[in-house]
Amino acid sequence: MPASVMPSNEETSTRREIINILRTAGPLTVGELGDRLGITHVAVRRHLTSLERDGLVSSVQERLPMGRPTRVYSLTETADDLFPKKYGSLTLEILDFLADDNGNLVEQFFAARGQNFVGKYGPEVTKGESLEDRVARLSDIQQANGYLSEWGKAEGETFVLKEFNCPVHQVSRKYPHACHHELEAFKALLGTDSIERVECISKGGTCCRYVIAPNENA
């Protein structure tokens, strides 16, 4: 985006304030937002247009008891991602509870999670006739799941899969079961046992890096 059309800090601040108001006060009209912000209706509409374009705000026409119908604005589900979440902390609390009650339940949970992953994505990954194609498909799936995944060829028939983000790294640092069963799921999906994780985010690595080769007896 050219610098001339980049929003100023003040514009960005006002748009964030609109988002916060809609979050706490619910659907509002342009007039109601203008009154709360102390700015003109024209300015409010300009900010709302930008927020709608970014998919953060939507609007519907609403008929009022008196007067003409008016447009009411509210946040979209996409805007929910702008607010802090602590899913990792909640997950750890649940796993800690399971571990205290019965350590085997934690292992069973991650094993089931890995099996579900294979069941969900297996049909797509196994469409690949070659190991290279399957690695590419798995990387695309992990990229869509937020792992910032990429892959490439190494020497011979060997491939490297990298994940630069781990959405569950808080969990995997305390419960390595998550990493173990991800590796097992990858083996099942790619159809090879010759997979080694040579770097891991939960152990201080810059990424989770897998070296993948065909089975030796293939």
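Of the residues screened, L92 is one that is modelled with pLDDT under 90, in a helix (DSSP H, G or I) and in contact with a Lys or Arg (Cβ under 9 Å, 6 or more places away or on another chain). A search for C-beta distances below 7 Å between a residue of the range 182-198 that is more than 14 Å from L138 (Cβ to Cβ) and without any contact (Cβ under 8 Å) to a residue 24 or more places away in the chain and any residue that is surrounded by fewer than 18 Cβ atoms within 10 Å (Cβ to Cβ) and of a type in the set (D, E), counting only pairs 6+ apart in sequence or on different chains, returns S194/E216. Helices (runs of 4 or more DSSP H) fully within the range 121-218 that include at least 1 residues being surrounded by fewer than 20 Cβ atoms within 10 Å (Cβ to Cβ) and among the hydrophobic types (A, V, I, L, M, F, W, C): 131-144, 177-190. Pairs linking a residue in the range 115-142 that is assigned by TED's automatic domain parsing to the domain that holds F164 to a residue that is part of a helix (DSSP H, G or I) and aromatic (F, W, Y), with Cβ atoms under 8 Å and 6 or more positions apart or on different chains, are L138/Y121; L138/F186; I141/Y121. Would a scan of the range 138-152 turn up a residue that is of a type outside the set (S, T, N, Q), at pLDDT 95 or above and more than 29 Å from D81 (Cα to Cα)? Yes, the conditions are met somewhere in the range 138-152.
Is it true that some residue in the range 78-85 is basic (K, R), more than 22 Å from L22 (Cβ to Cβ), modelled with pLDDT under 90 and in a loop (DSSP other than H, G, I, E, B)? No: the range 78-85 contains no residue that is basic (K, R), more than 22 Å from L22 (Cβ to Cβ), modelled with pLDDT under 90 and in a loop (DSSP other than H, G, I, E, B).
The values are calculated or read from the model by the stated rules, or taken from the named source; none is laboratory data. Just so we're clear, the structure is a prediction, and the values are computed from it rather than from any experiment. Neighbour counts run over all protein chains shown; Cβ positions are idealised from the backbone, glycine included.
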